[in-house]
Amino acid sequence: MNNYMLLVHQLLVHSLLLLCLATLAFGANRLSADEVQALKDIAKTLGKTNWNFSADPCSGEYGWITQADKYFANNVTCGNCTTSDAANDTRTDQICHVVSILLRAQNLPGTLPSELARLPYLQQIDLARNYLNGTIPPQWGSLPLVNISLVGNRLTGSIPVELANITTLKSLTMDFNYFSGGLPWELGFLPSIETLILTSNNFTGELPDTFAKLTKLKDFRIIDNSFSGKIPNYIQNWTNLKKLGIQASGLTGPIPSGISLLTSLTDLRITDLNGPESSFPLLENMKNLKILMLRSCNINGQLPEYFSDMTELTTLDLSFNRLTGNVPRSFVASRNNLDYIFLTGNLLNGSEPLWMVGENVDLSYNNFTITAGPVNCRPQASWNLFASSSKGNSSAVSCLSNKTTTCSKSWYSLNINCGGSGVTVNGIAYDEDTDANGPSSYYMSSTNWVSSSTGYFPDDDSSTDHFT
């Protein structure tokens, strides 16, 4: 028995020795020394204090790769590995290179590192939602980057022209920063760019004519900026577009007629256009639209009848234009999947279209013919008919007229406990405000005030908006 146990023990020892020899023979993935030093310098510039260099960055250990989601990420990924051929290296290690750095929402307080240029295989840099300041280093233009994300920082300055040298670049997202200046015309020669999001910055000037060449674009957003000039006609070249956002961009109208060629669009948002009035753009071939927002675009004339054929449409916002006439019966149909219909602040007339299908419908501030009795003033779930009739729109708001004409006294103040129950403080009674307001709602208090709400939060990743 003892001889048998001794034999088993010897076999185990030999197995372990063979395993160790195999490990030495095959080696491991490790980052080149130059790039390890580059990462140390990058960490210092970013203010990244928790990278653990006691482990090789390509090992995936000690926090170099963590579970990521759309909001948070703390990952360094390696690739482009080759076998070491160093004369003094007895192992066949795979020497790898950094190809991706994802540092989303890591509370980084530093600046953008020019040292990234020392990572010659880097394809992706994502520094979204940090506290980074300063400017984009022009040295980045030497990298084979595919994706650059700088969303939600405190970055300033203009876009360096050197970024136009990155022929591999597919996505450039730099929204919610303090970038300024004009857009370099050289960006129009980026051959691979598909996503260009510049929302919520301080960009100025006209969109460069060279942007007509960006025919691979799928997502273009310049919302909330200070551009000048008209929406360029060349957007009709962007036939691969799925999302187009020109909300409060500074550009003027009218909406180019060539927009009708963008039949791949699923999300079209254009708002706050100065310039001459224009008729409704021809959009009937945009069968894939889910969100259509043409708010405050100086659009006149009557409502088109083709929306009932847009069965994918969930949001339709045509508020604050100069639209006139009746709402046609074929405007929307029961087969539509509309969550929101906003026709607020137009000149629509005829009878109130109470037959209209939609979860939230806002017809406030129009010239509809008032129905008999106070029915158009009665609060209805997810409907806002406040000031929707021509009666009284020129002076007293129509929905208040029935209440104000029966007031027992004149009121010179109102007291509301916003978002709470009725309460008395220091002898002053504050009305309750517990009504669950929504995207299109009208509320009439039991005393001397009413409230009207219109609009919603379209991009907050929440299925329900909360209004107080």
- If you take the residues of region 225-237 that are in contact with a helix residue (DSSP H, G or I) (Cβ under 9 Å, 6 or more places away or on another chain) and either in contact (Cβ under 8 Å) with a residue 40 or more places away in the chain or open to solvent by less than 60 Å² (accessible area, probe 1.4 Å) (or both), which of them is farthest from residue 271 (Cα to Cα)? 234
- Task: For residues that are polar (S, T, N, Q) and surrounded by 14 or more Cβ atoms within 10 Å (Cβ to Cβ), scanning just region 265-284, find the one that is nearest to residue 309 (Cα to Cα).
- Result: 266
- Query: Do the conditions hold for residue 295, that is, is it among the charged types (D, E, K, R) and crowded, with 20+ Cβ neighbours inside 10 Å?
  - Reply: yes
- Message: One residue is enough: does region 127-135 have a residue meeting the conditions surrounded by 21 or more Cβ atoms within 10 Å (Cβ to Cβ), part of a strand (DSSP E or B) and under 21 Å from the mean Cα position of the chain (by Cα)?
- Response: no
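For region 196-211, which residues satisfy the criterion of being within 23 Å of residue 152 (Cβ to Cβ) and open to solvent by 30 Å² or more (accessible area, probe 1.4 Å)?
As a first pass, look at region 196-211 and keep what is within 23 Å of residue 152 (Cβ to Cβ): 196-204.
Hits for region 196-211 are 202, 204.
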- Message: Residues that are at pLDDT 95 or above, in contact with a Gly (Cβ under 6 Å, 6 or more places away or on another chain), open to solvent by 10 Å² or more (accessible area, probe 1.4 Å) and in a loop (DSSP other than H, G, I, E, B): does region 149-169 have at least one?
- Response: yes
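Just need a number here: residues in region 307-326 that are open to solvent by 40 Å² or more (accessible area, probe 1.4 Å) and not hydrophobic (A, V, I, L, M, F, W, C). Working first, answer last.
First, the residues of region 307-326 that are open to solvent by 40 Å² or more (accessible area, probe 1.4 Å): 309, 311-312, 320, 322, 324, 326.
Restricting the remaining residues to those that are not hydrophobic (A, V, I, L, M, F, W, C) gives 309, 311-312, 322, 324, 326.
Of the residues in that region, 6 qualify.
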- Residues of region 240-264 being under 22 Å from residue 202 (Cα atoms) and either open to solvent by less than 20 Å² (accessible area, probe 1.4 Å) or of a type in the set (Gly, Ala, Ser) (or both), in sequence order, are 244, 245, 246, 248, 249, 250, 251, 253
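With respect to residue 347, determine if the residue is at negative phi and buried (at least 20 other Cβ atoms within 10 Å of the Cβ). Before the answer, list the steps.
Working: at negative phi: yes; buried (at least 20 other Cβ atoms within 10 Å of the Cβ): no.
Criteria not met by residue 347.
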- Message: Looking only at region 118-140, how many residues end up being under 24 Å from residue 69 (Cβ atoms) and among the aromatic types (Phe, Trp, Tyr)?
- Response: 1
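In region 1-109, which strands (runs of 3 or more DSSP E) lie fully inside it and hold 2 or more residues that are at pLDDT below 90 and open to solvent by 60 Å² or more (accessible area, probe 1.4 Å)?
Values: elements: 29-31, 73-83, 94-104.
Ranges flagged: 29-31, 73-83.
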- Item | region 176-195, residues that are under 16 Å from residue 249 (Cβ atoms), open to solvent by less than 20 Å² (accessible area, probe 1.4 Å) and not hydrophobic (A, V, I, L, M, F, W, C) | 177
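The values are calculated or read from the model by the stated rules, or taken from the named source; none is laboratory data. None of these values were measured; they are calculated from a predicted model. Neighbour counts are summed over all protein chains in view; Cβ atoms, including those assigned to glycine, are modelled from backbone coordinates with ideal geometry. With ligands, DNA and RNA removed, areas are computed over all heavy atoms of the protein, side chains included. Shrake-Rupley method; radii C 1.70, N 1.55, O 1.52, S 1.80 Å.
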